[in-house]
Structures are given as C-alpha cells and as structure tokens.
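Read through the structure below, which is laid out as structure tokens, and then see the notes.
The values are calculated or read from the model by the stated rules, or taken from the named source; none is laboratory data. What you see is a predicted model, and the numbers here were worked out from it, not measured in a lab. Methodologically, a virtual Cβ is constructed for each residue, glycine included, from the backbone with ideal geometry; neighbour enumeration extends over all protein chains shown. The accessibility values were calculated without ligands, DNA or RNA, using every heavy atom of the protein model including side chains. Shrake-Rupley method; radii C 1.70, N 1.55, O 1.52, S 1.80 Å.
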Amino acid sequence: MDPQTPVEKLPGMGKYYSYKLKRLNINTLEELIYHFPFRYDDFSKIWGIGEMREITPGDKISVKGVVWQIKNIRTRFGKFITTATVADQSGTVEVIWFNQPYLTKTIKAGTPISLSGKVELDGHRYKLISPQYEILRNQLPTTNHELQTTLHTGRLVPIYPETEGVTSKWLRAKIANLLPKFLEKQKDFMPQEIISRQKLTDYQKALLKIHFPENLDDVNLARQRLAFDELFLVQFVTQQRKKDWQNKKRSYAITVDKQKVIDFIKNLPFKLTQAQLRSATEILKDMQKSTPANRLLEGDVGSGKTVVAALAAYIASLNGLDVLIAAPTEILAFQHQKTLESTLS
C-alpha cells in the first residue's frame, strides 16, 4: 500500500472522514500511521468480576464475561439508559451506558464481551459506568505483524489527538486495519550499524508498538526509535542541502591582504584576545574558498564578536564587494553602526 495514498481513497473513509482527518493534518496513509498516541489508558490487568470488592470505587478496570441481559430504559426526561448484566465464573456486575440506545442492537444476550471502565459503588453493589466495550471475536487480520485480539479493552489502550467526529476508538480501529498492510511494504531505512550502536528497536516493530504496545517498555523503546529517526532525518536532509548548496553555488574566492589585516589589528584601541584571533583566522580562511562559507560566532555580550565581523567586512570590501550586516532591532543596528564607524574610520 502506497504511503502517499490520499486518505479519501482508503477503505471505509469517504469524504466525511477524510474532511475530518484533514483537520488533524492527516492527508495521506503515512500521516495517519504517524498520528501517534499522546497517552495510554492501562486496562491491561483483567479482573475477575468477583474480585471487584477489592477495588476502590473510581478505579478503572477490565473484565471479561458474557452478557446475560441488556435493555434500554427511557427516563421521564426522554433520555435513554442502557443497562446490562455481565457474568463470568466468579460473579455478575451491572453495566450502565447513557444515551446509547443503539447498543441493544449490537450487544445481545449471550454475547462474550470485554469491558474496561470506571467502577462505582451503588450501596453494596459494584457497577461499571460507561465503559469501553468490545465484543470478543477474531476481528483483526492475521499477518506477520499480528496485533492482540482486543483493541479498546483489556490492554494498554492508545489515546490519540481527536477532533469532532473522529474519536480515539475510531482511529484505533482504522489504524489496526491499515497498519499491517502499511508495514508489509516498508523497509528499515536506518543502517544496521547505527541501529546496533544506538541500541534501537527495528522500524516496523517501533511503529507497531507505538500504536499497540503490550506494556510500557514497548512504548519507551518505540518512542526512542521514532524520536531518533526524526532527528536523524532532519540532520540528513540538512547535510544533503548543504552539500547541494555548496556544489551548485560557487562563491567569490576572496583575496586576503595579510598586511591590511595586520594594520587593521594594530589600529584597534585594544588588543584582540586569542579567541578573537582564532575566530578571525578561521573566518578569513573560509572566505578564501570558492564554496560559500557559513559560520556561527558565539560569545557573551561584550566579548568582541562585532570587531571580528568588522574585520571580515573590511576584507570583503577590499575585494570590491558589498557587505550587509543585519541586526534584529533598530536600536542594535544603530549600536553596530557606531561601533563599525569607529572601528573602520
């Protein structure tokens, strides 16, 4: 599957969801796969329903069982409450959803189900309030990059940046369907030498585990690899651009009159430091090359950076070239003008 496939051409998307995804800056399959979770809900521990008495009300848990009964109750205000009884071998629990009457069409008595949500205590009875639910069936594709059998419950559940009409649950389902197909066509672009030296996990595993980790160690290893990839690619592109720029743009090779440099330094009202002399020498050496020079001169306020720039400007002007010295503010520009007039006059 082509990573640059527009989202509107992906299975089950259409115009509605492609429009919504673009609000999240997701325009292609690759951008959907790289829409990473910002946190995870830990529903990985599966509790027996009979063990719920050991749980503090308000805690989030996961249970698995079979639906005994489910029904909708309409309140006098016209709202719907969906109640269900779910049982496993250790006991039963009441489950409540609000304003989701369609659940009775999806969830039937006898349905095996996985639930993850907040526990509340009503008198002496524990209840699950508005939990995530998942009907237990083999719903995911079997590939070399096989996922766990549940997506929304009973595991570390990824939570994504969302927008109106696009929930984390919807994103999990779409990514789970598309990720194995995406990974089949991807090769690890990082040299094995770097992977080994930096002790990184492989690319395919990192993408799989950032979305569907089995534990927090998976998350950390995936983040480490994907963060390294981002920095590596930024550096790679920067170096490539620099190389192309130097090859294509030929610079004027400046002639340095050493006597003029000595006279300039002698006429200064102060003696240059060793750091200033070293910096000036390196800059003038660069200016004599036919490739464009880039230098970043760092130093504290008052350490004498301007006089080094003044020397470079002076040598350039002796070669008949114009020189531009830019400053971020008008006040600083006038300060530089005064310094340069005093130094160069």
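The table below lists the values:
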read-out	value
Counted residues, the stretch 236-265 - those being surrounded by 10 or more Cβ atoms within 10 Å (Cβ to Cβ) and assigned to a helix (DSSP H, G or I)	17
Hey, GLU282 open to solvent by 40 Å² or more (accessible area, probe 1.4 Å), under 26 Å from LYS243 (Cβ atoms) and assigned to a helix (DSSP H, G or I) or not	yes
Which listed residue is farther than 26 Å from TYR19 by Cβ, open to solvent by less than 60 Å² (accessible area, probe 1.4 Å), assigned to a helix (DSSP H, G or I) and among the small types (Gly, Ala, Ser), from ALA206, ALA176	ALA206
Qualifying positions in the stretch 105-126 - part of a loop (DSSP other than H, G, I, E, B) and in contact with a helix residue (DSSP H, G or I) (Cβ under 7 Å, 6 or more places away or on another chain)	none
Every residue from the stretch 325-345 that is open to solvent by less than 90 Å² (accessible area, probe 1.4 Å) and either outside any helix (DSSP H, G or I) or touching a Lys or Arg at 6+ places or on another chain (Cβ under 7 Å) (or both)	ILE325, ALA326, ALA327, THR329
Unique match (being within 22 Å of the chain's Cα centre (by Cα), in contact (Cβ under 8 Å) with a residue 24 or more places away in the chain and farther than 18 Å from PRO161 by Cα) among PRO57, PRO3	PRO3
Residue count, the stretch 42-93 (criterion: aromatic (Phe, Trp, Tyr) and surrounded by fewer than 15 Cβ atoms within 10 Å (Cβ to Cβ))	2
Of all residues in the stretch 1-23 being outside any loop (DSSP other than H, G, I, E, B) and not charged (D, E, K, R), the one that is surrounded by the most Cβ atoms within 10 Å (Cβ to Cβ)	LEU21
